[in-house]
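Okay, structure first, notes after.
The values are calculated or read from the model by the stated rules, or taken from the named source; none is laboratory data. All figures in this text were calculated on a predicted structure; none of them were measured in a lab. Glycine also receives a Cβ, built like all others from the backbone with ideal geometry; neighbour counts cover every protein chain displayed. Note: areas computed on protein heavy atoms with side chains; ligands, DNA, RNA excluded. Shrake-Rupley method; radii C 1.70, N 1.55, O 1.52, S 1.80 Å.
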Amino acid sequence: MKTDFISIADHSTEWLDHIFDLTSEIKSRLKNNVRYTPLEGRTVAMIFQKPSARTRISFEVGTYQLGGHALYLAPTDIQMGKRESTADIARVLSRYNDCIMARLFGHEDMIKLGKYASVPIINGLTDYNHPCQIMADIYTIFEHLGRKEDFKLVYVGDGNNIVNSFLNISAKFGFNFVITCPEGYEPDNETLVYAESAGKSKIELLHDPFEAVKDADVIYTDVWASMGQEEEKQKRAKAFAEFQVNAKLVKNAKPDYKFMHCLPAHRGEEVTDEVVDSQNSIVFDEAENRLHVQKAIMVNLITGK
Ligand code: CP
Ligand code: NVA
């Protein structure tokens, strides 16, 4: 039976821990210039319905470093669901490739890909979630804090795909997860209920960002208008004005707090330069870890290691 990586909720804490161990091994090999090519002769098809820098580059570079080859399929190339059905694309790509990574609008389409493909599917973001990003983020938090529990992570901003994946991982590892957003911009309710009922983490939803960031170990933010919501940009800029992560807001966090952002950052909107460029910012370590974590996920799904 193949394993997909569509949502963190589908996997056990043991499996996630195994991926993190593998990540450390793969990262250390790369840092020490030790060749590691378990994907020799293997190919990964990458379907993109939305733009990307980090996801495309880290998967393409990662596959190459592992000895394999990745194919970039742009939004205009295969036009899944328009030129050809999602099920047929899944079946065809499975005949040529060992794995499919996809960045899509509809989460239902990702599930459909998983159902009809006979090779593993990796979710590179949907409107609902972004599990590879949050795997890299949690790995980065563990790395920087040197512990896997007893930390306060405060997400400031839109209750979007990033937050849904954080909620899913908060059901697997125990920490204090505080979400602060304007009313009407809360995360997916079913996912919130799932995370709360798992009983692993303490979850809080607050509408006052100053209260929320008090004594935070980590402050995280993301864009106010995600890909596909461009026409709401102005309306959202107004609604989120109080939720900018700036020098005044972060004063309430612990002095050695870490600032994180999945990037791309809209500097001057959800975060100011003084925060993103500060000593507390670990955004580029976070971006780098996308590479290492995703290599581990690919090695596990493709070779079973
Ligand atoms: N963080 C992230 O997924 O970046 P891209 O949209 O550039 O891939
Ligand atoms: N929430 C953002 C994440 C980008 C990596 C978006 O979906 O556009």
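Structure summary
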| read-out | value |
| --- | --- |
| Unit Cα scatterers, Debye sum, segment 42-92: log10 I(q)/I(0) for q = 0.18, 0.25, 0.30 Å⁻¹ | -0.61, -0.95, -1.10 |
| Cross-link pairs Lys2/Lys200; Lys27/Lys258; Lys152/Lys251; Lys235/Lys258 - those with Cα-Cα distance over 20 Å | Lys2/Lys200; Lys27/Lys258; Lys235/Lys258 |
| Label-point gap, in nm, between Asp17 and Lys214 - each point 7 angstrom along Cα→Cβ | 3.4 nm |
| Along each principal axis, Cα extent of segment 262-301, largest first, Å | 39, 19, 8 |
| Under Karplus coefficients 6.51, -1.76 and 1.60, residue-wise ³J(HN,Hα) of segment 270-276 in Hz, glycine/proline x | 6, 8, 9, 4, 4, 8, 5 |
| Carbon and sulfur %, accessible surface of the chain computed with the full protein complex present, 1.4 Å | 48 percent |
| DSSP bridge orientation in the chain - percent antiparallel, rounded to nearest 5 | 0 percent |
| Segment 131-181: radius of gyration over Cα atoms, expressed as a fraction of 2.2 N^0.38 Å | 1.06 |
| Probe 1.4 Å, accessible area per residue of segment 2-89, Å² | 50 Å² |
| Whole-number accessible area per residue in Å² for segment 97-243, which is evaluated in the context of all protein chains at 1.4 Å | 37 Å² |
| Tensor-based shape of segment 176-305 (alpha-carbon gyration tensor, a/c under 1.5 rounded, otherwise prolate or oblate) | rounded |
| Set of aspartates and glutamates near Lys248 by C-alpha distance (under 20 Å), chain-local residues within fewer than 8 positions excluded | Asp158, Asp208, Glu211, Asp215, Asp217, Asp222, Asp256, Glu269, Glu270, Asp273, Glu274, Asp277 |
| Acute angle (nearest 10 degrees) that the helix 283-303 long axis makes with the longest principal axis of the chain, alpha-carbon atoms | 30 degrees |
| Too-long pairs where the Cα-Cα distance tops 26 Å, listed order kept, from Lys115/Lys172; Lys148/Lys202; Lys31/Lys254; Lys112/Lys202 | Lys31/Lys254; Lys112/Lys202 |
| Inter-part distance where segment 13-70 and segment 164-240 are each reduced to a Cα centre, Å | 28 Å |
| Whole-number percent relative contact order across the chain, with pairs defined as alpha carbons under 8 Å at least 6 apart | 20 percent |
| Segment 85-230 - Rg and Dmax from Cα coordinates, angstrom | 16.8, 53 |
| Computed lengthening from Asp256 to Tyr36, 0.36 nm per intervening residue step minus Cα-Cα distance | 75.6 nm |
| In degrees, nearest ten, helix 189-198 long axis to first principal axis of the chain (Cα) | 90 degrees |
| Scattering profile of segment 11-165 at q = 0.08, 0.12 Å⁻¹ [log10 I(q)/I(0), Debye over alpha-carbon scatterers] | -0.26, -0.59 |
| Using distinct alpha-carbon pairs, which all enter the 1/r mean, Kirkwood radius of the chain in Å | 19.7 Å |
| Distant alpha-carbon pairs in segment 100-170 (separation over 15 angstrom), percent | 59 percent |
| Rounded D (µm²/s) - segment 226-271, Kirkwood Rh over Cα pairs, Stokes-Einstein at 25 °C, 0.890 mPa s | 202 µm²/s |
| Estimated [θ] at 222 nm from DSSP helical runs (n ≥ 4, -39500 (n - 2.57)) normalised by residues in the chain, nearest 500 | -12500 deg cm²/dmol |
| Unit charges on C-beta of K, R, D, E only; dipole of segment 165-305, Debye | 460 debye |
